[in-house]
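**Q** This is the structure I want to talk about, given as structure tokens.
The values are calculated or read from the model by the stated rules, or taken from the named source; none is laboratory data. Everything quoted here is computed from the prediction, not taken from an experiment. Cβ placement follows ideal geometry from the backbone for every residue including glycine, while neighbour counts extend to all protein chains displayed.
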Amino acid sequence: MNEDLFIKYYDNDLTDEEKKLFEISLHQNENLMKAYSNFVDKQNKLKELTKINVNTAYFNNMPVKIHQKLSKEKKKFIIKSTAVGLSFSVLVIFFISIYNYNSISNNTNMPIINRSIESTKVNNSNTGNFITNLNSNSRTKTNKVQSPKFVTYNAIEDEDIELSENDIDEFIDQTQSIKILKSGK
Amino acid sequence: MIENLNDFELVQLFINEKNEQAFNLIVKRYQENIYWHCRRMLGNHIDADEVTQEVLITIYKKLHTFKYESKLGTWIYTITSNLVLNYIRRKKIKSFLGFDDLTQDIKDNTDIIQDLDDKLKLEKLNNILKTLPEKQRQIFILRNFDELSYEEISQITNTSVGALKASYHHAQKKIMELMKNE
């Protein structure tokens, strides 16, 4: 119980009134005074343990040490960020190449159109310049004459790419006029 | 003269003008307090040195976040206390996982205390402080050796003054009990 009071008094944690009362009882009670002196002795012994001589060079060199460490950290940071940047760029290039490769191989329209153009060209050369297209896949079911000029359009038509009626009519008109020219009528 | 500037002026000089001299002066003013707080908390020079350097580097990097609402010393003690407690936690995890460092032999040779009597004194103090749990040890050291007020310790540890007093008195009682045998 006394120890709590000693600690509080020593720690200056008593109110003014409590402090006065404690001091009065200290003066009146010899045993209490002895116990308190003993407590203060222990406190002083404890503080004595902290009075130590040290090598001052350690503290004198501290700012230099800190600056060296900081510059090392900066270098490390630069190396790390360069490495991260490089690896990121490599990854980006890698993904772009994969994307390009996929988009080329997935683009199937182009080869089919090209194939159709080729086959139409072959037909043209076999049967002369004028061929009636009887392609059953044709939605228009219209006989169309193929000239080199319209080979590409026919090829597109074969692949179910929509052409307007006007376009088709135009083709037929042109084909007929060519036929007339050819027959000399 | 830069030496005559107070802490706040030094901080401003460092932040606004990147004056390294100002930072060096802050280091000189506080390095011993930081080191001894770490040393008493950790019990050896190697660990104390590591954490002291960590604290000073953190101060260098974070000084621009200092808000001038408390003393610079209180702000520095807050960083120190947090880093010390983190270090103790890391060490506990390492030792739990079996990654204990084998630097015990180096510890004695690199110590900044060369006098044998002083070494014995410090060993005695360490043995006493070791008996306290970390949080209680921290409060006891801040109050008893660093001589900070309860209000300052309250800011540093983010604990109420009442709880601090209770914890400090508890620690005092334990230590007085241990000192009986001395």
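**Q** Tell me which helices (runs of 4 or more DSSP H) are completely within the range A:10-121 and hold 1 or more residues being at the interface with chain B (Cβ under 9 Å from one of its Cβ atoms) and modelled with pLDDT of 90 or more, or say none if there are none.
**A** In the range A:10-121, A:30-48, A:56-60, A:62-106 are the helices (runs of 4 or more DSSP H) which contain 1 or more residues that are at the interface with chain B (Cβ under 9 Å from one of its Cβ atoms) and modelled with pLDDT of 90 or more.
**Q** Could I ask something else about it? Of the residues that make up the range A:1-8, is at least one out of contact with any Lys or Arg (no Cβ under 6 Å at 6 or more places or on another chain), part of a loop (DSSP other than H, G, I, E, B) and modelled with pLDDT under 90?
**A** Within the range A:1-8, one or more residues are out of contact with any Lys or Arg (no Cβ under 6 Å at 6 or more places or on another chain), part of a loop (DSSP other than H, G, I, E, B) and modelled with pLDDT under 90.
**Q** Does B:W75 meet the test of being out of contact with any Leu (no Cβ under 8 Å at 6 or more places or on another chain), of a type outside the set (G, A, S) and over 21 Å from A:V64 (Cα atoms)? Spell out the reasoning first.
**A** On the way: out of contact with any Leu (no Cβ under 8 Å at 6 or more places or on another chain): yes; of a type outside the set (G, A, S): yes; over 21 Å from A:V64 (Cα atoms): yes.
Answer is yes for this residue.
**Q** Taking the condition within 14 Å of chain A (Cβ to nearest Cβ), part of a helix (DSSP H, G or I) and surrounded by 15 or more Cβ atoms within 10 Å (Cβ to Cβ), does B:I26 pass?
**A** Here the answer is yes, as B:I26 does meet what is asked.
**Q** Here is a follow-up. Quick one: which of B:T58, B:T52, B:T74 is in a helix (DSSP H, G or I), over 15 Å from A:N61 (Cα atoms), within 11 Å of chain A (Cβ to nearest Cβ) and not charged (D, E, K, R)?
**A** Values: B:T52 fails: over 15 Å from A:N61 (Cα atoms); B:T74 fails: within 11 Å of chain A (Cβ to nearest Cβ).
Answer to the selection: B:T58.
**Q** Considering only the range B:48-58, how many residues are surrounded by 16 or more Cβ atoms within 10 Å (Cβ to Cβ) and either of a type in the set (D, E, K, R) or farther than 25 Å from B:I113 by Cβ (or both)?
**A** Residues flagged as surrounded by 16 or more Cβ atoms within 10 Å (Cβ to Cβ) and either of a type in the set (D, E, K, R) or farther than 25 Å from B:I113 by Cβ (or both) within the range B:48-58 amount to 2.
**Q** Let me ask something else about it. Quick one: in the range A:26-72, of everything that is under 57 Å from the mean Cα position of the chain (by Cα) and of a type in the set (K, R), which residue is nearest to B:F140 (Cα to Cα)?
**A** Result: A:K51.
**Q** Out of the residues in the range A:1-19 meeting the condition of being more than 60 Å from the chain's Cα centre (by Cα) and polar (S, T, N, Q), tell me which one is farthest from B:L148 (Cα to Cα).
**A** A:N2
**Q** For a quick check of your reading: which helices (runs of 4 or more DSSP H) sit entirely within the range B:113-163 and have at least 1 residues that are under 20 Å from B:E69 (Cα atoms) and at the interface with another protein chain (Cβ under 9 Å from one of its Cβ atoms)? Spell out the reasoning first.
**A** On the way: elements: B:116-130, B:134-140, B:150-157.
Hits in the range B:113-163: B:150-157.
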